[in-house]
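The values are calculated or read from the model by the stated rules, or taken from the named source; none is laboratory data. Because the structure is predicted, anything quoted here is derived from the model rather than measured. Cβ placement follows ideal geometry from the backbone for every residue including glycine, while neighbour counts extend to all protein chains displayed.
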Amino acid sequence: MTLSARRRHLYLLSATLAVAGLSVAAYRATELGFPLSPGATSPLWTVEARVQFERFTPGPAKAMLAIPSDPPGYSVLTENFISRGYGVSVSQEGEDRIAMWAIRRTEGEQSLYYRLRVFRKADRRVEMQAPPFPSVPELEEPFASALDAIVEDVRRRSADVETFTATLLQTIASASPDDNVRIFIGDVSDPFAAAQAAQTLLSGARIPSLILQVLPLPDEARQVEMRPWIAVHNGKKWLFFNPVTGIKELPESLLIWRWNGDPLVQVTGGVRENIEFRVSPSVQDALSLAQQQAASHGSRLAQFSLLDLPLQTQQVYSIVSLIPIGALIIVLMRNLVGIRTFGTFLPVLVALAFRETQLIAGIVLFSTLVALGLTLRLYLEKLHLLLVPRLAAVLTMVVLLMAALSVLSHRLGLETGLSVALFPMVILTMTIERMSVVWEERGPRDAIIDGLGSLFVAAIAYGVMDMAILQHVAFVFPETLLVVLAVILMLGSYTGYRLTELRRFRALAGDRP
Amino acid sequence: MIFRRLRAQGVLGINSRNAELIATYNSRHLYPLVDDKLRTKQLAREHGVPAPELYGSLSTIHDIHQFPEIVAGREQFVVKPANGSGGDGILVFDGHRDGRFRLCTGLQVSWDDLAHHLANTLNGQYSLGGHPDRVMIEYRVVFDPVFDAVSYLGVPDIRVIVFRGFPAMAMVRLPTRASQGKANLHQGAVGVAIDIATGCTTRGVLNNDVVTQHPDTGAELGGLQVPEWQKIMLMAARCYELTGLGYLGVDIVLDVRKGPLMLELNARPGLNIQIANGEGIVGRLREIQKFAGDGPGAEARVAFSTAAFCRTEAA
């Protein structure tokens, strides 16, 4: 491949990797609800609807309850039907989802339960077809002329569908309604009746409207009432109005139960039917919520998750998935900055150890170990040992030193000293060996510069790898490591100067020969 | 900014050297030819490139006992790891008597110490990656006095960068007290630019700074004429055919009797030669690239470089 073809290939590959990683992550974050930040919790509501009715004589009974289907702004986690001896079926009838309980023979007071667990999601799009324009209702007098008067009055005080609806609802809801309005709603303070009247008046202005049944989801467990809500279509989209205040709003805390105002419950074979709603909020870890939801959706992408592994393996991967990020830091430090280190990836492993020891204690422990090891190594030099036995001896001494440090710090009550056991000892041994060779061949200055370089890079890598958000993202969205890979690949083709070279070649930058 | 000025000057950085030169022109399978100095020496013999005579080599710990035999009757010799880098592990001996060996620095070494050093070398202490190594014992170069005034002990050697067989840039590396007789710039040796056209030294650098006098001897660094320069250029150019490496550092020493000798080759030559020359190398590499064509002979290549890279007027 030529240079430019190779470049193109590389850019294409990196872009593909990055896009793939980001889009999988985006899908899992938005669609499956995997949280982007650690410790995120999602509020979860359990809605319990209790349908009660009575049957005085033994015989068959049938109860139908309209239940929500895919309410906007909420995701349904689970739903259960609880009843004694009833058969349950769910069917779709137009826009309605209907749960039907049926029993061949029963008697006395009946209680049927429908339990729904929902949580809020960010997406609150409404996907409901715009209805046809309603025809002006044909009413008897005095209703017809009252309707005309009200519509005429409200139209004069409004500009478009939105303001018309708001004004109309305010007129209906006002504390001292005029006679025309009173004719319509009477004196009943039933909100559904008021909503019904509002719909009739909206039809009089040929505005398509719906009466919604909404359930407020409160912050504490309590019994709640189904409330009406008004939706009008302005030709482009749905607008939602609080029929009590006339304010255009649809608070997040409202769960849209049903897209019409028909009675929720229909009982055949029973009397005195009644429905009660009880809502209790709970908080659940967003991560486990996302998993549950994904599992119930049967999403394949969710099944291929590190979160599905056994807990112990998960812990391993929560650390392992940070290593590529550390490797990226190494690439940056070595190829862009130009810091010399002992061993290519030694600083990453040291940084991982720092996670346990904390930074300052880690640096102190690491320096102590290396200094002690180096002293002993320089002493061994005098004994003229062969290379491999000498390395083995240094390794043994490193282990002994680590044990001694742990015991000593434990005695002194410094618990951080115990974590010294997490240092990668083989790598420490190689560091000590390489450092002692550099020490003898090039002098202490070079050895210490390289040693400090390694520590510095390890500290930077630790700082980055310790960021809670990165740990979370790397573990929950391991596909983002494809982005890290893309960046590393791109950096692999960086042929510009390293930062340290700017200093090194500074003599060349000034005087032109 | 400094970044842009360096680019305008055609200064080659490490990343660029690794990605654009070494990765492109130096096939990895050719590396052992230059990393193993024993193989380099053999190739040099086959191609008629003069090199210091090999007295013998050691391959295993067991071979160490042959060492006294190899050096018997030779007062002066050099011990080198065959896969060493950066001049590490090289010992230069001045003489020996009754199991005492005298280094060129005047230090005495016992047979025990020397055997330990040989064993360490064989075990790979100085080789890249710690692989088992071999030890070579070779002729100790008697330096041409041309650099006597500007050297402190050790081996002054000439480094020529050869790109696709064309000598591109040259310098001489002079040991100092700080470099402990070693000719590596990062260990504190002085690098002095040599004009490719004439073989005359121009100016020097020490630890990345321009110098005109040797830090230990105080002698002027510029204006020295390197003897047999044409022969040196030709030797360097021929090393391209010897290895097939397109971007090559050739190290040459001047022996008072045998003339220029090729000491070793480097597949990843350093970048300090640019500082010594006060010039980025990229411009020269481009000129060579334009001219190279279908590979003219060594003489033609030297002629091109001599004509194209004459810097005496500029200096």
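Only one of the numbered conditions (1) among the aliphatic types (A, V, I, L, M); (2) at pLDDT below 90; (3) crowded, with 18+ Cβ neighbours inside 10 Å is not met by A:I448, and that is (3). Of all residues in segment A:236-250, those that are acidic (D, E) have Cβ atoms under 9 Å from Cβ atoms of residues that are modelled with pLDDT of 85 or more, 6 or more apart or on another chain, in A:E249/A:F240; A:E249/A:F241; A:E249/A:N242. Just one of the listed residues (B:P52, B:P32) is away from every other protein chain (no Cβ under 14 Å), touching a residue at least 24 places away in the same chain (Cβ under 8 Å) and outside any strand (DSSP E or B), and it is B:P52.
Restricting segment B:35-49 to residues that are in contact with a helix residue (DSSP H, G or I) (Cβ under 9 Å, 6 or more places away or on another chain) and not β-branched (V, I, T) leaves a set whose member that is farthest from the other protein chains (Cβ to nearest Cβ) is B:G48. Selection of segment B:260-295 for residues being surrounded by 16 or more Cβ atoms within 10 Å (Cβ to Cβ), in contact (Cβ under 8 Å) with a residue 24 or more places away in the chain and away from chain A (no Cβ under 14 Å) yields B:P260, B:L261, B:M262, B:L263, B:E264, B:L265, B:N266, B:A267, B:R268, B:P269, B:I288, B:A292.
Taking the listed residues A:A371, A:A351, the one that is over 18 Å from A:E440 (Cα atoms) and assigned by TED's automatic domain parsing to the domain that holds A:A447 is A:A351, with no other qualifying.
When the helices (runs of 4 or more DSSP H) confined to segment A:400-503 are screened for residues that are in contact (Cβ under 8 Å) with a residue 40 or more places away in the chain, within 12 Å of another protein chain (Cβ to nearest Cβ) and over 39 Å from the mean Cα position of the chain (by Cα), those reaching at least 3 such residues are found at A:425-442. Being outside the structural domain of B:M262 (by TED's automatic domain parsing), of a type in the set (A, V, I, L, M, F, W, C) and either buried (at least 16 other Cβ atoms within 10 Å of the Cβ) or out of contact with any strand residue (DSSP E or B) (no Cβ under 6 Å at 6 or more places or on another chain) (or both) holds for only one residue in B:I22, B:I64, and it is B:I64. Within segment B:244-259, take every residue that is over 19 Å from B:F304 (Cα atoms) and surrounded by fewer than 22 Cβ atoms within 10 Å (Cβ to Cβ) and give me the one that is nearest to the chain's Cα centre (by Cα). Among those residues, the one meeting the criterion is B:D251.
Checked against (1) in contact with a helix residue (DSSP H, G or I) (Cβ under 6 Å, 6 or more places away or on another chain); (2) in a helix (DSSP H, G or I), A:A5 passes all but condition (1).
The residues in segment A:307-330 that are buried (at least 16 other Cβ atoms within 10 Å of the Cβ) and β-branched (V, I, T) can be counted, and the count is 4. Counted as qualifying within segment A:262-368 are the helices (runs of 4 or more DSSP H) with 3 or more residues that are at pLDDT 90 or above and in contact with a helix residue (DSSP H, G or I) (Cβ under 6 Å, 6 or more places away or on another chain), namely A:323-331. Filtering segment A:8-60 to residues that are surrounded by fewer than 17 Cβ atoms within 10 Å (Cβ to Cβ), in a strand (DSSP E or B) and touching a helix residue (DSSP H, G or I) at 6+ places or on another chain (Cβ under 8 Å) leaves only A:T41. Within segment B:89-123, the only residue that satisfies the criterion of being among the aliphatic types (A, V, I, L, M), away from chain A (no Cβ under 14 Å) and in contact (Cβ under 8 Å) with a residue 40 or more places away in the chain is B:V92.
Scanning segment B:8-17 for residues that are facing chain A (nearest Cβ under 8 Å) and assigned to a helix (DSSP H, G or I) yields a total of 3.
Taken as a whole, segment B:200-209 holds no residue that is in a loop (DSSP other than H, G, I, E, B), buried (at least 22 other Cβ atoms within 10 Å of the Cβ) and either at pLDDT below 90 or in the same structural domain as B:L12 (by TED's automatic domain parsing) (or both). The single condition among (1) crowded, with 22+ Cβ neighbours inside 10 Å; (2) in the same structural domain as B:I275 (by TED's automatic domain parsing); (3) touching a Ser or Thr at 6+ places or on another chain (Cβ under 6 Å) that B:G188 does not meet is (1). Assess whether B:D133 counts as being within 20 Å of B:T198 (Cβ to Cβ) and crowded, with 22+ Cβ neighbours inside 10 Å. Here the answer is no, as B:D133 does not meet what is asked.
Would a scan of segment A:369-384 turn up a residue that is at pLDDT 85 or above, part of a helix (DSSP H, G or I), within 46 Å of the chain's Cα centre (by Cα) and surrounded by fewer than 19 Cβ atoms within 10 Å (Cβ to Cβ)? So far as segment A:369-384 goes, no, none of its residues is at pLDDT 85 or above, part of a helix (DSSP H, G or I), within 46 Å of the chain's Cα centre (by Cα) and surrounded by fewer than 19 Cβ atoms within 10 Å (Cβ to Cβ).
Of the helices (runs of 4 or more DSSP H) entirely within segment B:215-312, those holding at least 2 residues that are closer than 24 Å to B:K80 by Cβ and modelled with pLDDT of 90 or more occupy B:229-243.
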